[in-house]
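Visitor: A single structure is presented below for examination.
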Ligand SMILES: *Cc1c(COP(=O)(O)O)cnc(C)c1O
């Protein structure tokens with residue numbers, strides 16, 4: 001076992017050391033990958049070392065350089081060293097982090113890491129939390145808590161009676177809501193038909209006046225979903241006004257802060273999230289700005305009783321902790337058995353410290369600003385967003401040129417990012433979310449676009 005793990009560690013280090021040189025998107029053919037990795041179920045056992053060696057060779061060929069400094073796709077973080085190492089330990093320990101009795105250290109680390117996350121995000125000490133796979137499941141958990149609370153207020157016990165016959169819940173969300181929110185609504189049985197779109201401005205921010213109008217136009221149990229960090233522009237909704245309106249209407253306020261909520265951890269950017277702390281629930285990710293390896297999401301809730309009512313589970317064969325005793329994570333998460341997701345989050349925060357988290361956020365945002373300045377100098381380029389955080393949205397002077405330039409940069413292997421559609425036109429979106437990105441990485445990426453247009 002020791003030899004296998006040692007060799008695996010070396011293979012992993014080889015991959016990490018190859019990041020600066022390898023094409024960011026691998027030059028690989030789907031058919032080749034299928035041929036190398038496929039085949040029938042092996043008839044009998046194969047030596048583990050051979051299995052890992054073969055997998056490392058083929059996997060390496062088909063891996064995107066996501067942990068490296070020139071991957072700017074979607075909103076995807078890397079992995080800080082302590083978090084990566086702690087993630088390995090998580091697998092070696094193989095705790096079932098559902099119950100204290102199946103992993104006492106895992107339960108205590110989640111207790112600590114959850115409180116740390118809340119503090120870094122500027123939330124009050126009493127919030128409840130759960131470590132889930134990502135913002136998608138954080139939304140589902142938060143909406144289950146919200147559903148419990150708003151229906152409870154209406155005299156309906158949704159945990160017992162479900163939604164059939166329940167008062168209809170309306171969900172007011174900005175028209176630039178992330179696609180995970182409607183899916184979470186489907187998962188918790190509210191359906192996308194419960195959504196009332198609220199107009200957004202040219203940066204994708206929900207308009208508070210439109211929210212007030214929408215709130216006034218209806219009644220009954222209500223959830224408002226706001227956003228810290230629009231996925232294209234990085235824009236922040238006006239939380240103070242939104243919180244005032246939600247509060248006046250007695251609505252539950254949820255905040256999608258997948259990456260943007262981490263602005264609160266930086267004294268330079270915290271003003272962007274002002275008022276978000278007044279929400280009832282928040283979703284965020286460890287695997288974006290905090291640079292915890294996949295998968296890592298966190299849900300936090302200012303109404304622990306609703307959160308717990310929505311998630312708690314009991315069975316006679318389980319060993320549940322005493323009231324006021326240690327934490328049984330399964331009372332807060334949608335999972336039953338689960339990976340001890342708190343360890344890498346804990347290690348990331350402990351290794352970075354408060355100043356390190358702030359610096360990580362600030363460095364990424366400074367790189368985005370540098371990129372925006374550099375790319376704007378290329379003739380025909382227009383930066384479409386106010387670069388308030390780590391996202392840059394830009395385009396060339398026609399949709400065709402935008403697509404050609406993006407494809408050329410992707411094919412060059414220098415960098416990788418994806419396209420988007422913004423106000424009906426093709427755009428390119430760059431997200432700087434990796435602790436490894438340097439100024440040189442940014443300059444090389446700008447240069448790759450410059451030579452792409454020179455060629456085109
Ligand atoms: C990434 C993202 C999500 C989805 O998060 P996952 O961790 O991929 O589930 C939701 N909302 C926003 C704003 C995001 O950027």
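The values are calculated or read from the model by the stated rules, or taken from the named source; none is laboratory data. Just so it is clear, the model here is predicted, and its values are computed rather than measured. Positions of Cβ are generated from backbone atoms using ideal geometry, with glycine treated the same way; all protein chains shown enter the neighbour counts.
Visitor: Among the candidates 102, 97, 115, which residue alone is at pLDDT 95 or above and touching a helix residue (DSSP H, G or I) at 6+ places or on another chain (Cβ under 9 Å)?
Guide: Details: 102 fails: touching a helix residue (DSSP H, G or I) at 6+ places or on another chain (Cβ under 9 Å); 115 fails: touching a helix residue (DSSP H, G or I) at 6+ places or on another chain (Cβ under 9 Å).
From the options 102, 97, 115, the qualifying one is 97.
Visitor: Further question on the same structure: With the requirement that a residue be part of a loop (DSSP other than H, G, I, E, B), under 19 Å from residue 171 (Cα atoms) and within 16 Å of the ligand (Cβ to nearest atom), what does region 259-283 give you?
Guide: 279 - this is the single residue of region 259-283 that is part of a loop (DSSP other than H, G, I, E, B), under 19 Å from residue 171 (Cα atoms) and within 16 Å of the ligand (Cβ to nearest atom).
Visitor: Working carefully through the options 368, 372, 405, find the one that is free of Cβ contacts under 8 Å to residues at least 24 places away in the same chain and touching a strand residue (DSSP E or B) at 6+ places or on another chain (Cβ under 8 Å).
Guide: So the residue among 368, 372, 405 that is free of Cβ contacts under 8 Å to residues at least 24 places away in the same chain and touching a strand residue (DSSP E or B) at 6+ places or on another chain (Cβ under 8 Å) is 372.
Visitor: Sticking with this one: Consider only pairs whose beta carbons are under 6 Å apart and that are at least six residues apart or on different chains; among these, list those whose first residue lies in region 222-250 and is more than 14 Å from residue 280 (Cβ to Cβ) and whose second residue is in a helix (DSSP H, G or I) and away from the ligand (no atom under 16 Å from the Cβ).
Guide: Between residues of region 222-250 that are more than 14 Å from residue 280 (Cβ to Cβ) and residues that are in a helix (DSSP H, G or I) and away from the ligand (no atom under 16 Å from the Cβ), the close pairs are 238/208; 241/208.
Visitor: Another question, if that's okay. Every residue in region 217-232 that is within 17 Å of residue 184 (Cα to Cα) and more than 10 Å from the ligand (Cβ to nearest atom), please.
Guide: Once the filter is applied, which keeps residues that are within 17 Å of residue 184 (Cα to Cα) and more than 10 Å from the ligand (Cβ to nearest atom), region 217-232 yields 222, 223, 224, 225, 226.
Visitor: Here's something else I'd like to know. Out of everything in region 100-128 that is within 19 Å of residue 313 (Cα to Cα) and not in a helix (DSSP H, G or I), what residue ends up being farthest from the chain's Cα centre (by Cα)?
Guide: 103
Visitor: While we're here: Is there a residue in region 240-247 that is farther than 19 Å from residue 385 by Cα and within 16 Å of the ligand (Cβ to nearest atom)?
Guide: The answer is yes, given that some residue of region 240-247 is farther than 19 Å from residue 385 by Cα and within 16 Å of the ligand (Cβ to nearest atom).
Visitor: Which condition number in (1) touching a strand residue (DSSP E or B) at 6+ places or on another chain (Cβ under 6 Å); (2) within 16 Å of the ligand (Cβ to nearest atom) is the one that residue 286 fails?
Guide: (1)
Visitor: Let me ask something else about it. Tell me whether region 299-319 contains one or more residues that are buried (at least 18 other Cβ atoms within 10 Å of the Cβ) and within 16 Å of the ligand (Cβ to nearest atom).
Guide: There is at least one residue in region 299-319 that is buried (at least 18 other Cβ atoms within 10 Å of the Cβ) and within 16 Å of the ligand (Cβ to nearest atom).
Visitor: Taking region 252-291 on its own, how many of its residues are more than 22 Å from residue 390 (Cβ to Cβ) and surrounded by fewer than 24 Cβ atoms within 10 Å (Cβ to Cβ)?
Guide: The total comes to 1.
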